[in-house]
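Let me begin by presenting the structure, written as structure tokens, before commenting on it.
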Amino acid sequence: MALVSRAPVLEADGEDHLSHADFAKIATLIGNEAGIRLPPAKRLMVEGRLRRRLRALQLPTFDAYGDYIFRKDGIKAELPYLINVVTTNKTDFFREPEHFELMRSKMVPELLEARSGERNPLLKIWSAASSTGAEAYTCAMVLADMVKQMRNFRFAILGTDISTDVLDQGRRAVYPADQIVPVPQNMQAQYLMWARKNGVRPDVRIVPELRRLVQFHRLNLMEEKYPFDRDVDIVLLRNVLIYFDKTDQAKVINRLVGHLRPGGYLLLGHSESMIGTSIPVRQVAPAVFQRV
């Protein structure tokens, strides 16, 4: 039987568009693989982001892209790129600054007090949805300042994300100058290097001393097990749960809390509420929970 390819989806503007049927399949795939919900209202956003991907694959239409990923076994190779396309990577330095002030004034001092018998203990911080690394490097700046003052501990920071694109950005640690405006001036002077192009300073880079203390790895929060240490002191998962349904939220939080040492802290976004009562944590501040 001859195979007849489908005609491209052309709307009133005469442009090629992602069909509702293929969008629904993509939404289901992303929901199953990454836990990210894509309601129908996101179709045009996904379509716009996929246009560059079509050019990279040299595919003429969205219909051809659908054939590639759903009918020609291309999904295994394409899934990482598709996830990169649909994930939202909103991140800022010192976002929700109350958390970092609490880290400085309460969390770190109490964690060190609990380990007062150890010589030069290592604090482990995990930015579990690190995006381009602004959150992880904000933690690094705060802790580096504390080390200079206290000189009685070390720290290491892990940044994880499902998007390989943003992880690459985090490893490079290069940011537009306007993105580092929230960083205090004294920290800018100590922890940022300015790049010059034609007499202007368009980009900044985190200094090598901090980059060495931050590692980035890919992680899908929907995985059943996370291959990381189970004695983490502080886990940050801020402004991410809103993209998951309630069931997946509870699973992710339970897994992350399982990686905290007793007395360790979990930080959520201020717009997010804590799930269930069966998780062994107590709330100590807005969107801040401590493992008991």
Going residue by residue through region 211-219, is there one that turns out to be among the charged types (D, E, K, R), under 17 Å from the mean Cα position of the chain (by Cα) and over 27 Å from Pro109 (Cα atoms)? yes
What about Gly258, is it surrounded by fewer than 20 Cβ atoms within 10 Å (Cβ to Cβ) and at positive phi? no
Scanning region 242-264 residue by residue, those basic (Lys, Arg) and more than 15 Å from Phe228 (Cβ to Cβ) turn out to be Lys246, Lys251
How many residues does region 232-250 hold that are crowded, with 16+ Cβ neighbours inside 10 Å, within 17 Å of the chain's Cα centre (by Cα) and modelled with pLDDT under 95? 8
Under 20 Å from the mean Cα position of the chain (by Cα) and either at pLDDT 95 or above or within 18 Å of Glu101 (Cβ to Cβ) (or both): which single residue out of Ile162, Ile157 fits that description? Ile157
Considering only region 100-201, give the helices (runs of 4 or more DSSP H) lying wholly within it that have at least 1 residues that are of a type in the set (Ser, Thr, Tyr), over 24 Å from Gly263 (Cβ atoms) and touching a Gly at 6+ places or on another chain (Cβ under 9 Å). 134-150
When residues of region 99-127 are filtered for being surrounded by fewer than 22 Cβ atoms within 10 Å (Cβ to Cβ), touching a strand residue (DSSP E or B) at 6+ places or on another chain (Cβ under 7 Å) and either within 14 Å of Ala285 (Cα to Cα) or free of Cβ contacts under 8 Å to residues at least 24 places away in the same chain (or both), how many remain? 1
Being within 25 Å of Ile30 (Cα to Cα) and more than 16 Å from the chain's Cα centre (by Cα) is the requirement here; does Pro227 meet it? yes
Checking the conditions here, which among Ile157, Ile180 is within 30 Å of Leu79 (Cβ to Cβ) and surrounded by 15 or more Cβ atoms within 10 Å (Cβ to Cβ)? Ile157
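The values are calculated or read from the model by the stated rules, or taken from the named source; none is laboratory data. Predicted model, so just to flag it, every value in this text is computed and none were measured. Quick reminder, even Gly has a Cβ in these numbers, built from the backbone with ideal geometry, and neighbours come from all protein chains shown.
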